[in-house]
Amino acid sequence: AQKITQTQPGMFVQEKEAVTLDCTYDTSDPSYGLFWYKQPSSGEMIFLIYQGSYDQQNATEGRYSLNFQKARKSANLVISASQLGDSAMYFCAMREVANQAGTALIFGKGTTLSVSS
Amino acid sequence: DVKVTQSSRYLVKRTGEKVFLECVQDMDHENMFWYRQDPGLGLRLIYFSYDVKMKEKGDIPEGYSVSREKKERFSLILESASTNQTSMYLCASSPPWTGDALDGYEQYFGPGTRLTVT
């Protein structure tokens, strides 16, 4: 069963607009962590934001915020005031205690974001 | 800054060749990982290592092996490369796991190696 689902293969937004990238996850473990990474066309993976399953407040990092809805098992990334440099692929990922790989992350398939001027 | 380097950005090999992908990190991290990234499939874990000479299989270990003789270096080996191993390979490292999934530390990734097997 897919653990991390990103249903939007591609998203398009204009500069200065806000955009939400969807992510739903599946776990029966009460303790887990959720991550978002950005991958520009150059290929490197850049860590953006983290949310722990017991965090009461949504995580924020500059223009990035994570809309965490635990009951819905969703962890959407919100980018405010999009910039051309935000054009990239975005991956949602999860770490859970029950993960056989221990510390490894489980990644979604990614969403390609295109920002136009 | 944490730095994870990979020996090659681009690599072209022939079917049946033995291929070594090298990864080095300079932050004294215990954990190192190899992922494979394919369009439409995201990143999939091949192997990881939580200490020198220790390794664990990930989700897709078939056709691969790994070596970790030194803490800073983690090698991915394709014993006999095949065309279905054409992919982007990403190495990552992270501090040791405390056993708490809520640890917010991220994995630090290298720039990736795009391998083509012909």
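The values are calculated or read from the model by the stated rules, or taken from the named source; none is laboratory data. None of these values were measured; they are calculated from a predicted model. Quick reminder, even Gly has a Cβ in these numbers, built from the backbone with ideal geometry, and neighbours come from all protein chains shown. Surface areas here come from the heavy atoms of the whole protein model, side chains and all, with no ligands, DNA or RNA. Shrake-Rupley method; radii C 1.70, N 1.55, O 1.52, S 1.80 Å.
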> Which pairs have Cβ atoms under 7 Å, sit 6 or more apart or on different chains, and link a residue in segment A:20-35 that is more than 29 Å from residue A:87 (Cβ to Cβ) to one that is hydrophobic (A, V, I, L, M, F, W, C) and not in a loop (DSSP other than H, G, I, E, B)?
Replying inline: A:27/A:94; A:32/A:94
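Step by step: first the residues of segment A:3-28, then only those that are hydroxyl-bearing (Ser, Thr, Tyr) and assigned to a loop (DSSP other than H, G, I, E, B), then the one that is nearest to the chain's Cα centre (by Cα). Which residue is that?
First, pick out the residues of segment A:3-28 that are hydroxyl-bearing (Ser, Thr, Tyr): A:5, A:7, A:20, A:24-25, A:27-28.
Okay, now just the ones that are also assigned to a loop (DSSP other than H, G, I, E, B), so A:7, A:27-28.
Working: A:7: 12, A:27: 16, A:28: 19 Å.
Filtering segment A:3-28 for residues that are hydroxyl-bearing (Ser, Thr, Tyr) and assigned to a loop (DSSP other than H, G, I, E, B), the one nearest to the chain's Cα centre (by Cα) comes out as A:7.
Looking at this structure, is residue A:89 in contact (Cβ under 8 Å) with a residue 12 or more places away in the chain, within 19 Å of residue B:44 (Cα to Cα) and in contact with a Pro (Cβ under 9 Å, 6 or more places away or on another chain)?
On the way: in contact (Cβ under 8 Å) with a residue 12 or more places away in the chain: yes; within 19 Å of residue B:44 (Cα to Cα): yes; in contact with a Pro (Cβ under 9 Å, 6 or more places away or on another chain): yes.
Considered against the rule, which asks whether it is in contact (Cβ under 8 Å) with a residue 12 or more places away in the chain, within 19 Å of residue B:44 (Cα to Cα) and in contact with a Pro (Cβ under 9 Å, 6 or more places away or on another chain), residue A:89 comes out as yes.
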> What do you reckon, is residue B:80 among the hydroxyl-bearing types (Ser, Thr, Tyr), under 30 Å from residue A:10 (Cβ atoms), touching an Asp or Glu at 6+ places or on another chain (Cβ under 9 Å) and not in a strand (DSSP E or B)?
Replying inline: no
>> Go through (1) more than 8 Å from chain B (Cβ to nearest Cβ); (2) part of a strand (DSSP E or B) for residue A:50 and report which single condition fails.
In response: (1)
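Please tell me if residue A:20 is open to solvent by less than 60 Å² (accessible area, probe 1.4 Å) and touching an Asp or Glu at 6+ places or on another chain (Cβ under 6 Å).
Working: open to solvent by less than 60 Å² (accessible area, probe 1.4 Å): yes; touching an Asp or Glu at 6+ places or on another chain (Cβ under 6 Å): no.
Considered against the rule, which asks whether it is open to solvent by less than 60 Å² (accessible area, probe 1.4 Å) and touching an Asp or Glu at 6+ places or on another chain (Cβ under 6 Å), residue A:20 comes out as no.
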